[in-house]
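Visitor: Can you read through this structure? Questions will come right after.
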Amino acid sequence: MSNFTSLDTKELLLKVTSIPGPSGYEDEVLGEIENVMKDYSNECFRTPLGSLVCVKKGKGPKIGFFAHADQIAFLVTKIYEDGFIRLSGVGGWDPKVIASQKVWVHTKNGKLRGIVGFMPPHLQTTEEYKKVPDYDHLFVDVTMNPNWKEEILIGDLVTVDTKGFVNGDIVFAPALDNRASCVAIIKAAELLWRMNIDAEVYYVFSTQEEIGGSGARSATYISEIEYGIVIDVTHGDEDLPGFPKIKIGEGPTVVVGPVTNRKFVEHIKTVAGKYNIRTQVEAIPGRSGTDTEDVQFTRNGVKTSLVSIPLRYMHNPYEKVCVKDVEDTAKLLAFSAAELQ
Amino acid sequence: MLTFLRELTELKGPSGFEDDVREYIKSKIEGKVDEVFEDRMGNLIALKKGKTGGKKILLDAHMDEVGFMVTNINEDGTLSFAPLGGVDVRVILSKKVVVGKDVMGIIGYKAAHLQHGEDYARIPKYYELKIDIGASSKSEAEKKVAIGDPVSFTTEYEEVGDYIIAKALDDRGGCSLLMDLIDDGVDANCDVYFAFTVQEETGPKWPVILMEQLKADMVIAIETTTSGDDPELEKYLWSTHLGDGPAITFMHRGYVVSKEIFDKLVETAKESNIKFQYKMRTVGGTNARRYAMGGMPAGVVSIPARYIHSPISEIRKDDYENTFKLLKTFLESE
């Protein structure tokens, strides 16, 4: 059990990563999040682009927390007569990690089993032995479904079927980019619900970040916020030349750079110090590759900050985060809002 | 039929670490055969005496599966590893594995965002890959695992339509056939030895030991073999086709199957109207070669399978059933 709220972070992480929610198809996972969030909000609604917005009313400044809820997936691009299909990625996949995975093909009448087949070494020629897996050669075997011929259509979505698991304080699961951040917001909302604060808080679970469609922008427009904290994931435990190594287990990163507002970032750092929340510094001199820019340049502009959860193996069928980092992120969010006057 | 296949495939048993599989099989066949014994090397042998005796037939199915072994525990808590048997590095990226008895981890792979140019466009080497068990230091990892620990895939068994999806069908499929034959009761004249063997995937050598012990008159290696019947191979390159029944081998790497046994298997299938196919490629090897080298004529009968030597393979139930029928009919005619 978590030591500061009643919702178990590990269980939440496993739950929200178990529901497929590719860009444009986030309804089911957002429904699940709404079920939890309605206990901690005065109001929940959907934007025209499908993002979920939950509100804790207040009389003070308006602040929004943003996490995208979509994940990368595939589309069916070709169907062969004998029960095999080809794919193309929706979002930034590395095709090298999808051979020999189980997948779900999402048809209009439900999901069908598929497996990404791979030629056994016995049958490979010297040339095949050297091929780097790509969408031209990877294929999905759907022959096992008696009804594949009637059900599967070009354009159907395909998701990798991996199940998350916990190892001590570490969670390995699909789509932790960015469901880990969704969980951080849920935990923050739970914490704030018991607190008497000035700020009005908008919890935004947005759509279509992975394909650059940013459901976050319209949510920003609707909520008319003054402050916005975008929560996303960042590469943890990897050597990046010219940057300090961001470590998994040592707290969220607070981003400095032009996508963030310096005064607001200082506020967050002060809060982190006051409440003893461990954070790491991440310098982003250019574009952040997150929703932050979209939130920043909406209406009259928003004072933004970007907080990232260290994550390893980004965009792979198993990603990795530390539960403590998710909980620290939630605390940082909650107290950053609570300390706003 | 198919009573044991689920549990068999979900057991962990990379080459050299067949203990769980052996114990499981032993517990299920005891009392159903005339004799069960384990030899010095770990092979498990069951004898079902024939009505008249005299002639001895040995059925071989290997218990081991391809997997890995931990070769180093690194400073950052990750594990280096090497394959046990032939596993293409391209099928193992971002897979869940179990190290030793029950330590779960994944074979991690660097995020696409961080692979630059040439790195993105090449196949990684084994020594570059690490298993991540969530430990943050060498000392933390050492509390859970040790160098030399086996590593297995963790795919859950699943039946969909007429198909079975699982890890280790090569060759738990063969083990399962032997167990189903024992369960069903084989009514043969000859003595039948059911041999569940070790370490086929790392280079078959243990049949020699069995030959010394048993001196059988005839051997049939029961395998789960390749197919290649997918869009990546032209039809003429397929080795088998799922749904066409058991594959009877006339030749494979290093061995031309005893003509007498081959003909007998084919005749049995034809006479009893059992759907079968010839294995259409001669690639890959089996234990049959080692038996033959020791002077025991050996044949090979296989369940056709897709994607063997990977975390996830696939067979058809009707192929399994026809393989069972062929073997039972064959034994009962001897």
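Visitor: Restricting to the protein assembly as shown, compute how many DSSP beta bridges are antiparallel as a %, nearest 5.
Guide: Around 65 percent antiparallel, to the nearest 5.
Visitor: Moving to a separate point now. Please give the calculated 222 nm ellipticity per residue for chain B, where each DSSP H segment of at least 4 residues contributes -39500 (n - 2.57) and the sum is spread over every residue; nearest 500 deg cm²/dmol?
Guide: Helix-only estimate at 222 nm: -7000 deg cm²/dmol.
Visitor: I've got another one for you. May I ask you to derive the FRET efficiency for B:Leu2 and A:Ala283 from their Cβ-Cβ distance with R0 = 56 Å, giving the value to the nearest 0.05?
Guide: Rounded to the nearest 0.05, the efficiency is 0.45.
Visitor: Out of all Cα-Cα pairs in chain B, roughly what percent, to the nearest whole number, are more than 36 Å apart?
Guide: Tail of P(r) above 36 Å: 21 percent of Cα pairs.
Visitor: Looking only at other chains, what is the average number of their beta-carbon atoms within 10 angstrom of each beta-carbon in A:101-110?
Guide: Details: counts 7, 6, 0, 0, 0, 0, 0, 0, 0, 0.
Going residue by residue through A:101-110 and averaging, the value is 1.
Visitor: State the answer as a single residue: which of A:Ile185, A:Ala73, A:Gln124 lies farthest towards the positive end of the charge dipole of the protein assembly as shown, with beta carbon charges of +1 for Lys and Arg and -1 for Asp and Glu, about the Cα centre.
Guide: A:Ile185
Visitor: Using a Förster distance of 45 Å, how high is the FRET efficiency between A:Glu266 and B:Glu10, based on the Cβ-Cβ distance and rounded to 0.05?
Guide: 0.25
Visitor: Sticking with this one: If I take every Cα pair under 8 Å that is 6 or more residues apart in the stretch A:74-160, average their sequence separation and divide by the length, what percent do I get for the relative contact order? Kindly include the intermediate steps, with their values, before the conclusion.
Guide: On the way: 149 pairs, mean separation 37.9, N = 87.
Reported as a whole number, the value is 44 percent.
Visitor: Considering only DSSP beta bridges with both partners in chain B, what is the antiparallel share in %, to the nearest 5?
Guide: That works out to approximately 65 percent antiparallel.
Visitor: When ranked by the protection proxy of mean other Cβ atoms within 10 Å per residue, highest first, what sequence do the peptides B:10-19, A:134-143 form?
Guide: Ranking the peptides B:10-19, A:134-143 by packing returns B:10-19, A:134-143.
Visitor: Roughly how many nanometres apart are two label points built 7 Å out from the Cα toward the Cβ at B:Met41 and B:Met251?
Guide: Result: 2.7 nm between the two label points.
Visitor: Assuming R0 = 56 Å, can you tell me the calculated FRET efficiency for the pair A:Leu75 and B:Lys49, based on Cβ-Cβ distance, to the nearest 0.05?
Guide: Working: r = 60 Å, r/R0 = 1.07.
Plugging the Cβ-Cβ distance into 1/(1 + (r/R0)^6) gives 0.40.
Visitor: Given a 10 angstrom Cα cut-off, can you work out which residue in B:Lys110, B:Lys235, B:Lys49 is the most mobile in a GNM of chain B?
Guide: Evaluated over chain B, the most mobile residue of the options is B:Lys110.
Visitor: Provide the packing ranking of A:173-185, A:282-294, i.e. peptides ordered by the mean count of other C-beta atoms within 10 Å per residue, highest first.
Guide: Values: A:173-185: 28.9, A:282-294: 18.8.
By packing density, highest mean first, the sequence is A:173-185, A:282-294.
Visitor: So, one more: Give, as a single signed number, the net charge of other residues whose beta carbon lies under 11 Å from the beta carbon of A:Arg217, with Lys and Arg counted +1 and Asp and Glu -1.
Guide: -3
Visitor: Could you work out how far apart the two model spin labels at A:Asp8 and B:Ala146 are, taking each label as a point 7 Å from the Cα in the direction of the beta carbon, and quote it in nm?
Guide: Going from the A:Asp8 label point to the B:Ala146 one covers 3.2 nm.
Visitor: Another question, then. Residues of A:160-167, mean number of Cβ from any other protein chain within 10 Å of their own Cβ, rounded to a whole number?
Guide: Averaged over the peptide's residues, the number is 3.
Visitor: Next up: What Kirkwood Rh does the stretch B:68-153 have if only Cα atoms enter the pairwise 1/r average? Answer in Å.
Guide: About 13.2 Å, per the Kirkwood formula over Cα pairs.
Visitor: Hey, rough spin-label estimate for B:Lys138 and A:Lys245, points 7 angstrom out along Cα→Cβ, what's it come to in nanometres?
Guide: Distance between the two pseudo-spin positions: 1.3 nm.
Visitor: Okay, next question. Antiparallel DSSP bridges in chain A: what percent, to the nearest 5?
Guide: 65
Visitor: Under 20 °C and 1.002 mPa s, how fast does the stretch A:74-160 diffuse according to Stokes-Einstein, given a Kirkwood radius computed over C-alpha pairs? Answer in µm²/s, whole number.
Guide: On the way: Rh = 13.3 Å.
D = 161 µm²/s.
Visitor: On to the next question. With +1 assigned to the C-beta of every Lys and Arg and -1 to the C-beta of every Asp and Glu, and no other charges, what is the dipole magnitude of the protein assembly as shown about the Cα centre in debye, to the nearest 20?
Guide: Dipole about the Cα centre, nearest 20: 960 debye.
Visitor: Treating only the Cβ of Lys, Arg, Asp and Glu as charged (+1, +1, -1, -1), what charge dipole size does the stretch A:74-160 show about its Cα centre? Round to the nearest 20 debye. Could the numbers behind the result be given before it?
Guide: Working: 10 positive and 11 negative charges, 51 e Å.
Result for the stretch A:74-160 is approximately 240 debye, rounded to the nearest 20.
Visitor: Can I ask one more? For the charge dipole of the stretch B:68-153, defined by +1 on Lys and Arg C-beta atoms and -1 on Asp and Glu C-beta atoms about the Cα centroid, which residue among B:Val87, B:Gly134, B:Gly108 has the Cα displaced farthest towards the positive pole?
Guide: B:Val87
Visitor: Now for a separate question. Looking at this model, which pairs from A:Lys57/A:Lys269; A:Lys59/A:Lys303; A:Lys102/A:Lys149; A:Lys108/B:Lys96; A:Lys269/A:Lys320; A:Lys102/B:Lys317 are more than 23 angstrom apart at the alpha-carbon?
Guide: Beyond 23 Å between Cα atoms: A:Lys57/A:Lys269; A:Lys108/B:Lys96; A:Lys269/A:Lys320.
Visitor: Further, regarding this structure: How big is the Kirkwood radius of the stretch B:54-211, worked out from every pair of different alpha carbons and given in Å to one decimal?
Guide: In the stretch B:54-211 this quantity evaluates to 18.3 Å.
Visitor: Another question, if that's okay. Pick from A:Phe243, A:Phe297, A:Phe165: which is most flexible by mean-square fluctuation in a GNM of chain A where alpha carbon atoms under 10 Å apart are linked?
Guide: A:Phe243
Visitor: Evaluate the relative contact order of the stretch B:68-153 (contact order divided by residue number), counting alpha-carbon pairs under 8 angstrom at least 6 apart; express in whole percent.
Guide: Rounded, it is 46 percent for the stretch B:68-153.
Visitor: Considering the convex hull of the alpha carbon atoms of chain A, report its projected area averaged over all viewing directions, in nm², one decimal.
Guide: With the hull built on Cα positions only, its mean projection is 18.6 nm².
Visitor: Where q = 0.11 Å⁻¹, what log10 of I(q)/I(0) comes from the Debye formula for the protein assembly as shown, counting one point per Cα?
Guide: Log10 I(q)/I(0), no solvent term: -1.04.
Visitor: In peptide A:143-153, what is the residue-averaged number of other protein chain Cβ atoms found within 10 Å of each Cβ? Mind showing how you got there, number by number?
Guide: Working: counts 11, 11, 3, 4, 1, 1, 0, 0, 0, 0, 0.
Counting other chains' Cβ atoms within 10 Å and averaging over A:143-153 gives 3.
Visitor: Let me ask you something else. Taking a spot 7 Å from the Cα of A:Lys57 along the direction of its beta carbon, which residues of the stretch A:175-199 have an amide N less than 15 Å from it?
Guide: Label zone hits: A:197-199.
Visitor: Let me ask something additional. When only Cα pairs under 8 Å and 6 or more residues apart are kept, what is the percent relative contact order across chain A?
Guide: Working: 796 pairs, mean separation 81.4, N = 341.
Value for chain A: 24 percent.
Visitor: Would you mind counting up the charge near B:Asp60? Only other residues with Cβ under 11 Å from its Cβ, with Lys and Arg at +1 and Asp and Glu at -1. Intermediate values should be presented prior to the final figure.
Guide: Values: positive: B:Arg290; negative: B:Asp171, B:Glu200, B:Glu223.
The answer is -2.
Visitor: Roughly how many debye, to the nearest 20, is the charge dipole of the stretch B:1-111 about its Cα centre, given +1 on each Lys and Arg Cβ, -1 on each Asp and Glu Cβ, and no other charges? Present the calculation step by step, with values, prior to reporting the outcome.
Guide: On the way: 17 positive and 18 negative charges, 110 e Å.
For this selection, approximately 520 debye.
Bear in mind these aren't lab numbers, they're just calculated from the coordinates by the rules spelled out. Quantities reported herein were computed from a predicted structural model and do not represent experimental measurements. Don't worry about glycine lacking a Cβ; one is built from the backbone with ideal geometry, like all the others, and counts go over all protein chains shown.
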